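Worksheet: the structure to be examined is printed underneath.
The values are calculated or read from the model by the stated rules, or taken from the named source; none is laboratory data. Because the structure is predicted, anything quoted here is derived from the model rather than measured. Note that we place each Cβ from the backbone using ideal geometry, even for glycine, and neighbour counts take in every protein chain shown. Ligands, DNA and RNA are stripped out before the accessible areas are found, and what is left, the full protein with its side chains, is counted by its heavy atoms. Shrake-Rupley method; radii C 1.70, N 1.55, O 1.52, S 1.80 Å.
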Amino acid sequence: MTVERFEVPGLAQFSYMVEDAGEAAVIDPMRDISPYLDAAKAKGFKITHVLETHIHADYASGAKALAERTGAELAVSGHDAGERFQYSMPHRELHDGDVVQVGNVQLKAMHTPGHTPEHLSFVVQEEGSSPPAAIFTGDFLFVGALGRPDLLGEDETVRLATELYRSVSERIANLPDALRVYPGHGAGSLCGAGMSDRPESTLGEERATNPYFGYNEQEFVRRILEASPEMPSYYPRMKELNSHGAAAFESLPEMKALSADQVANSSAIVIDLRKPEIFGEAHIPGALNLGLGGNLAMWAGWLLPAENDVIFVGETEDDCRQGRMSLARVGLDCIAGYLSGGMAAWIASVRSTESTHQATASEVERAAGSLILDVRNAAERAHSSIAGTQGIALGELPAELLVLSRERPIVAVCGSGYRSSAAASLLQRAGFEQVSHLAGGLASWDSRLKCRSS
């Protein structure tokens, strides 16, 4: 038996291929299914099963598309009956204790609700061996953390938190410490708080070091709810999409190369994929700066209306193709095209450009009367922040635009400059005129303080 892990950049999402005796099962596939097809072809085995641990909230699943493309059996939880989100595409229902056979390997479904009501984990055992070798835990158990239980809203949160406690304390209690744990996410995902940057663990390690294994029920529920990070607004939309299955990425129409004239006359939202320092020098008026790094998929899902067309501006055509893939991973498929020739073509067309002032740490320190807007999340701000700042997380900024003063200069800040540039571009698009952001983020602020004290 071999296990291969695949990671989605920007979403810290893990999917897996389990292969034995020429057959393979793919667990929680990403929307771009080509890596699984390429791996199967290269290694000479057949994908016979596609499994889902649960109805995902943070990314568009490729399970339906992969099963249709390969003829594999799509096997998903049958514990969704009566719940708000239910699988509606053709599938085999799996209930607690059901087994999927892949070559000489058995993947046994274990109902581990809490993150979602229908959530399954898969315990792996090779025929003739004992005890089991591994468990694929999806968004139930992460390295150092657990899945958040608040995806279905306030009315369901306590129920799911209690179920999560029982999954930890009862449902996996008899599994051995040596069991290899393969989670659905790593550090950077918002499906839980406090995840380690290690991609895998053992159940024994988690029992010894994961804090949620040591609480009684009341303390567990309190702490897991307190720990849940801000929830991206696109999560309910993603669960709805995944309940009936996203269209195959390969079926989406090709992106069009657009002229400067076509871009200027379009009502589409322009997403500039370039780095903040380049974007700040000159960009198309009203463009949003969501660079290729820094969790583009998540921020695009959070900030962009799903029904709006998008036009990309990038350094290269390949950048725009990567941007399209990132947006497709969160179900944003309305891509009008990309600016052919990039900003050089726009400038050559003698059209106006906009700039965003990139403030130095010294300028921010002297910015008397300015609003210093920290767009990191609450946990980050609690750890360290510039005195006197106002905190509004980037994902929440669109809803707060009406309460921000347009009379005061605004300086957006974040950890590295990625989110602050995105925030500044969002403010400029909304008509705020006195906007800048801290170049280099709080790293540059901290560096200035260290230099001054040395």
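Does at least one position in the range 394-414 carry a residue that is part of a loop (DSSP other than H, G, I, E, B), open to solvent by 20 Å² or more (accessible area, probe 1.4 Å) and in contact with a helix residue (DSSP H, G or I) (Cβ under 9 Å, 6 or more places away or on another chain)?
Taking the range 394-414 as the starting set, the residues that turn out to be part of a loop (DSSP other than H, G, I, E, B) are 404-409, 414.
In the following step, the residues that additionally are open to solvent by 20 Å² or more (accessible area, probe 1.4 Å) were identified as 405-409.
With the extra rule that they be in contact with a helix residue (DSSP H, G or I) (Cβ under 9 Å, 6 or more places away or on another chain), the set shrinks to none.
No, there is no match, as no residue in the range 394-414 is part of a loop (DSSP other than H, G, I, E, B), open to solvent by 20 Å² or more (accessible area, probe 1.4 Å) and in contact with a helix residue (DSSP H, G or I) (Cβ under 9 Å, 6 or more places away or on another chain).
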Please give the number of the condition Gly323 fails out of (1) open to solvent by less than 10 Å² (accessible area, probe 1.4 Å); (2) under 21 Å from Leu252 (Cβ atoms); (3) part of a loop (DSSP other than H, G, I, E, B); (4) not aliphatic (A, V, I, L, M). (3)
Restrict the check to the range 99-113 and report whether at least one residue is farther than 20 Å from Ala67 by Cβ, in contact with a Phe, Trp or Tyr (Cβ under 9 Å, 6 or more places away or on another chain) and in a loop (DSSP other than H, G, I, E, B). yes
Go through the residues of the range 39-62 one by one and say whether even a single one is free of Cβ contacts under 8 Å to residues at least 40 places away in the same chain, part of a helix (DSSP H, G or I), over 17 Å from Asn242 (Cβ atoms) and out of contact with any strand residue (DSSP E or B) (no Cβ under 8 Å at 6 or more places or on another chain). yes
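Quick one: count up the residues across the range 1-38 that are assigned to a loop (DSSP other than H, G, I, E, B), touching a Leu at 6+ places or on another chain (Cβ under 6 Å) and under 18 Å from Gly245 (Cβ atoms). Don't jump to the end; show me each part of the working.
So the first thing to find is which residues in the range 1-38 are assigned to a loop (DSSP other than H, G, I, E, B), and the list is 1, 9-12, 21-22, 28-29, 31-33.
Those left that are additionally touching a Leu at 6+ places or on another chain (Cβ under 6 Å): 10, 29, 33.
Next, from what is left, pick out any that are under 18 Å from Gly245 (Cβ atoms): 29, 33.
Residues that pass the stated criteria total 2.
Suppose the filter is touching a helix residue (DSSP H, G or I) at 6+ places or on another chain (Cβ under 8 Å), in contact (Cβ under 8 Å) with a residue 12 or more places away in the chain and either under 22 Å from Leu426 (Cβ atoms) or charged (D, E, K, R) (or both); does Asp309 pass it?
On the way: touching a helix residue (DSSP H, G or I) at 6+ places or on another chain (Cβ under 8 Å): no; in contact (Cβ under 8 Å) with a residue 12 or more places away in the chain: yes; either under 22 Å from Leu426 (Cβ atoms) or charged (D, E, K, R) (or both): yes.
Against the criterion (touching a helix residue (DSSP H, G or I) at 6+ places or on another chain (Cβ under 8 Å), in contact (Cβ under 8 Å) with a residue 12 or more places away in the chain and either under 22 Å from Leu426 (Cβ atoms) or charged (D, E, K, R) (or both)), Asp309 does not qualify.
Assigned to a strand (DSSP E or B) and farther than 23 Å from Glu4 by Cβ, is that true of Leu146? Steps first, answer last, please.
On the way: assigned to a strand (DSSP E or B): yes; farther than 23 Å from Glu4 by Cβ: yes.
Against the criterion (assigned to a strand (DSSP E or B) and farther than 23 Å from Glu4 by Cβ), Leu146 qualifies.
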Test His91 against the criterion of being open to solvent by 50 Å² or more (accessible area, probe 1.4 Å) and either under 22 Å from Ala328 (Cα atoms) or at pLDDT 95 or above (or both), and give yes or no. yes
Can you name the residue in the range 139-168 that is of a type in the set (D, E, K, R) and touching a strand residue (DSSP E or B) at 6+ places or on another chain (Cβ under 8 Å) and, of all such residues, is nearest to Ile224 (Cα to Cα)? Arg148
With respect to Arg381, determine if the residue is assigned to a loop (DSSP other than H, G, I, E, B), surrounded by 13 or more Cβ atoms within 10 Å (Cβ to Cβ) and not small (Gly, Ala, Ser). no
Give the residue that is nearest to the chain's Cα centre (by Cα), with candidates limited to residues of the range 223-259 that are farther than 20 Å from Met30 by Cα and not in a loop (DSSP other than H, G, I, E, B). Ala227
Check whether at least one residue in the range 24-41 is crowded, with 18+ Cβ neighbours inside 10 Å, touching a Cys at 6+ places or on another chain (Cβ under 8 Å) and within 23 Å of Leu252 (Cα to Cα), and report yes or no. no
Please enumerate the residues belonging to the range 163-213 that are of a type in the set (Gly, Ala, Ser) and either open to solvent by 70 Å² or more (accessible area, probe 1.4 Å) or in contact with a helix residue (DSSP H, G or I) (Cβ under 6 Å, 6 or more places away or on another chain) (or both). Ala178, Ala193, Ala208
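Residue by residue, here is whether (1) buried (at least 23 other Cβ atoms within 10 Å of the Cβ); (2) among the small types (Gly, Ala, Ser); (3) touching a His at 6+ places or on another chain (Cβ under 7 Å); (4) more than 21 Å from Pro176 (Cα to Cα) holds:
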residue	(1), (2), (3), (4)
Asp58	yes, no, no, yes
Glu83	no, no, no, yes
Leu120	yes, no, yes, no
Ser129	no, yes, no, no
Leu146	yes, no, no, no
Are there any pairs, at least 6 apart or on different chains, whose C-beta atoms fall under 7 Å, with the first in the range 245-258 and under 22 Å from Tyr87 (Cβ atoms) and the second open to solvent by less than 30 Å² (accessible area, probe 1.4 Å) and of a type in the set (Asp, Glu), and if so, which? Phe249/Asp32
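Does Thr356 qualify as being open to solvent by 10 Å² or more (accessible area, probe 1.4 Å) and either within 21 Å of Pro232 (Cβ to Cβ) or over 25 Å from the mean Cα position of the chain (by Cα) (or both)?
Answer is no for this residue.
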Only one of these is assigned to a loop (DSSP other than H, G, I, E, B), open to solvent by 50 Å² or more (accessible area, probe 1.4 Å) and either small (Gly, Ala, Ser) or out of contact with any strand residue (DSSP E or B) (no Cβ under 6 Å at 6 or more places or on another chain) (or both): Ala368, Ala306, Ala344. Name it. Ala368
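Does the range 152-163 contain at least one residue that is in a loop (DSSP other than H, G, I, E, B), within 18 Å of Cys191 (Cβ to Cβ) and in contact (Cβ under 8 Å) with a residue 40 or more places away in the chain? Lay out the reasoning, then the answer.
Taking the range 152-163 and keeping what is in a loop (DSSP other than H, G, I, E, B), we get 152-153.
From the residues that got through so far, the ones that are within 18 Å of Cys191 (Cβ to Cβ) too are 152-153.
Now restrict to residues that are in contact (Cβ under 8 Å) with a residue 40 or more places away in the chain: 152.
Within the range 152-163 (the criterion being in a loop (DSSP other than H, G, I, E, B), within 18 Å of Cys191 (Cβ to Cβ) and in contact (Cβ under 8 Å) with a residue 40 or more places away in the chain), the answer is yes, since at least one residue qualifies.
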Restricted to the range 250-289 and to residues being among the charged types (D, E, K, R) and surrounded by 18 or more Cβ atoms within 10 Å (Cβ to Cβ), the residue nearest to Gly331 (Cα to Cα) is Asp272
